[in-house]
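Read through the structure below, which is laid out as structure tokens, and then see the notes.
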Amino acid sequence: MPLETASAVAGKPPAAAPVSRTEARERAARNRKLTVYGARVAVLLAFLGLWEVCARTEVIDPFNFSQPSRIWDQIWQWVTHGTAQGSLGEQIGYTLYEALTGWVIGVIGGVLLGIALGRIRFLADVFGPYIKVLNAIPRIVLAPIFLIWFGLGPASKVASAVVLVFFPVFFNAFQGAREVDRNLVANARILGADNRKVTLQVVIPAATTWIFTSLHVSFGFALIGAIVGEYIGATKGLGLLVAAAQGTFNAAGVYAAMTILAVVALLTEGLLTFAEKKLFRWKPADAGDGR
Amino acid sequence: MNTTPAIELTGATKRFRTPSGALHTAVRDLDLTVAQGEFVAVVGPTGCGKSTTLTLVSGLEEPTEGEVLVYGEPVRGIDPKVGFVFQQDAVFPWRTVLSNVMAGPRFRGVPAAEARERARDWLGRVGLAAFEDRYPHQLSGGMRKRVALAQTFVNDPAILLMDEPFSALDVQTRALMSDQLLELWAGTGSSVVFVTHDLDEAIALADRVVVMTAGPATVKEIFTVDLPRPRTVEAVRLEPRFVELYREIWASLGEEVRITRERGAGRAA
């Protein structure tokens, strides 16, 4: 610590040096944060600016690639005047409703079946191969079939969201139920827990970490399921906006719908993270949290 | 008090099927009797099957052959009279300290209010009354072990099985925990089987020390520890009788340790 020695020699109060050093460190951390945010904004602006300039100078074809100002105009028009299918809020509402319903059903089904198969060896042995086969099917191709089965309404989109959500949740719940610390189960049994209590009070809490990992990913899948379903055939929804814009060679409309989707997905993701933090108070804080 | 032994193993044998399909005998033809209120320590070379003996008594595992009796009754499943302290942390990480200690009574259908009262009482006795709202990850290893002790004692077990419970703790904490265990146990009149690889700990705690053979485990020799109670670990270690016992038991145990080590060397070669 040559700095400290130097200040002590200079006759400054000994407490002053560490305090100012803490302050300096705090300021540096704040500055670093600001720099990171600034750089992020700069990257975004550079990207959008380059796109805009290239489109205006016809380096890229604005008809095919559109340009940020047109996309913004499109979004603004949808917000103020509504879309051809009705108000923008209604479209978002439809898509969210389908994605959420599909997600909830898929999650409940996946968790229940995952835990059941993870706990009951016999079930796992019987159903294991079937689940593997079903998982091997690229499930997005089921969307047209659901359209035939359930029609143009929300039901077919909910169904495609469910099949997309179910598998990742199922496999995580299954794995989570399988990998519960054997000591915890043995301890609970010795303390007097019967099988039902072991499942409810040991296996499920222990598996929540696994399940929650899959919830993040699977909400994205639910949105994909709903959008693809709408894209193939629907009367309302963001996917229909994309399809309609594409049908009229309106590239700006496709990008605008994509932008709206991204915002919606980010907001729901944020809500999920918030819920997770509340639920996992018992876990030690990650080392990565201090970022 | 009647004279039925608390635990009686006769000709108990346990074989496992290893993942590769071979049969592994962990415990062979084991005879052991533990009287009511007795503290028995089991020592033996590492991996010889000491822990398996405990799982047989607890009912977590069934013997392949032979009989295991608890208070004269054959063990069928987990006996509510049994408490078990594990080597690794087995407290529930998602429950607070208080809720962890309440778990046993709650599992057994005791009303919440009464369970809480009993849990608080035991938390007080292990010196963790101020920590009841903490989660296990916020505690030190020694404190977590005390939670585990309270969690076990709150069920009032007539038989207490302990599988190297303090082996993960540092030496000072281990001595403190041993003293605390003796204190807690003194009031209960329960029988204890304490598995350890630490001969010091075994002699300091127990009425009798059972030496196991190299695996598959069976009883080699039993030594009676005639040191007066109440004991404190640090003090009892300095008594000449302790050193004498240590030398006697080590003569017996050391041989088994050597056999185990030679086998390991043979396998490595």
Debye log10 I(q)/I(0) at q = 0.12 Å⁻¹ for the range B:197-269, Cα point scatterers: -0.37
Grab the DSSP H runs of chain A that are 4 residues or longer, score each as -39,500 (n - 2.57), total them, divide by all residues and round the 222 nm result to the nearest 500 deg cm²/dmol. -27000 deg cm²/dmol
Taking each residue of B:101-114 in turn, how many C-beta atoms of other protein chains fall within 10 Å of its C-beta, and what is the average? 3
Which lysines have a Cα lying under 26 Å from the Cα of A:K132, excluding residues fewer than 8 positions away in the same chain? A:K157
The Rg/Rh figure for the range A:68-282, Cα atoms and Kirkwood Rh, to two decimals is 1.09
The lysines whose Cα lies under 20 Å from the Cα of B:K81, excluding any fewer than 8 residues away in the same chain, are A:K197
If one builds a Gaussian network model of chain A from Cα atoms under 10 Å apart, the most fluctuating residue listed among A:S87, A:S160, A:S20 is A:S20
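Structure shown: which of A:K283/B:K145; A:K283/B:K50; A:K33/B:K145; A:K236/A:K277 lie over 30 Å apart, alpha-carbon to alpha-carbon? Walk me through the intermediate numbers first.
Working: A:K283/B:K145 18 Å; A:K283/B:K50 33 Å; A:K33/B:K145 42 Å; A:K236/A:K277 34 Å.
With Cα atoms farther than 30 Å apart: A:K283/B:K50; A:K33/B:K145; A:K236/A:K277.
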Pair B:T224, B:W250: separation of 7 Å Cα→Cβ label points (nm): 2.4 nm
Semi-axes, largest first, in whole Å: what does sqrt of 5 times each Cα gyration tensor eigenvalue give for the range B:101-214? 26, 17, 12
As straight-line cross-link partners of B:K220, the qualifying aspartates and glutamates (C-alpha separation under 16 Å, not fewer than 8 residues apart within one chain) are B:D29, B:D31, B:E248, B:E255, B:E256
When only alpha-carbon atoms are used, what values of Rg and Dmax, in angstrom, describe the range B:1-152? 18.0, 51
Cα extents of the protein assembly as shown along the principal axes, largest first, in whole Å, come to 98, 81, 60
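Assuming R0 = 51 Å, what is the FRET efficiency of A:E269 and B:R261, from their Cβ-Cβ distance, to the nearest 0.05? Can you show the working numbers first?
Values: r = 56 Å, r/R0 = 1.10.
The formula returns an efficiency of 0.35 here.
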Could you tell me the calculated FRET efficiency between A:R196 and A:Q175, based on Cβ-Cβ distance and R0 = 25 angstrom, to the nearest 0.05? 0.70
What ranking of A:W210, A:W149 emerges when the number of other C-beta atoms within 10 Å of each C-beta is taken as an exposure proxy, fewest first? A:W149, A:W210
Rule-of-thumb Rg ratio for the range A:13-60 [Cα; 2.2 N^0.38 Å; N residues]: 2.13
Express as a percent, rounded to the nearest 5, the fraction of DSSP beta bridges in the range B:149-227 (both residues included) that run antiparallel. 50 percent
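Taking the beta-carbon count within 10 Å as an exposure proxy, list A:L48, A:L238, A:L271 from fewest neighbours to most.
On the way: A:L48 15, A:L238 30, A:L271 10.
Least to most surrounded, the residues fall as A:L271, A:L48, A:L238.
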Relative pair counts by distance (%), Cα atoms of the range B:136-269, 10 Å bins: 10, 37, 34, 16, 3, 0
Counting C-alpha atoms alone, how compact is the range B:134-179: give Rg to one decimal and Dmax as a whole number, in angstrom. 11.2, 31
Using a Gaussian network model on chain B with a 10 Å cutoff between Cα atoms, which of B:R95, B:R17, B:R146 fluctuates the most? B:R17
Over the Cα atoms of chain B, what radius of gyration and what Dmax do you get, in Å? 18.8, 61
Could you sort A:94-107, A:64-77 so that the peptide with the highest average Cβ count within 10 Å comes first and the rest follow in order? A:94-107, A:64-77
Peptides A:132-139, B:23-30 ordered by average Cβ neighbours within 10 Å, highest first: B:23-30, A:132-139
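Coordinate-derived values only; no laboratory data. Keep in mind that what you see is a predicted model, and the values were worked out from it rather than measured. Virtual Cβ from ideal backbone geometry, glycine too; neighbours counted across all protein chains shown.
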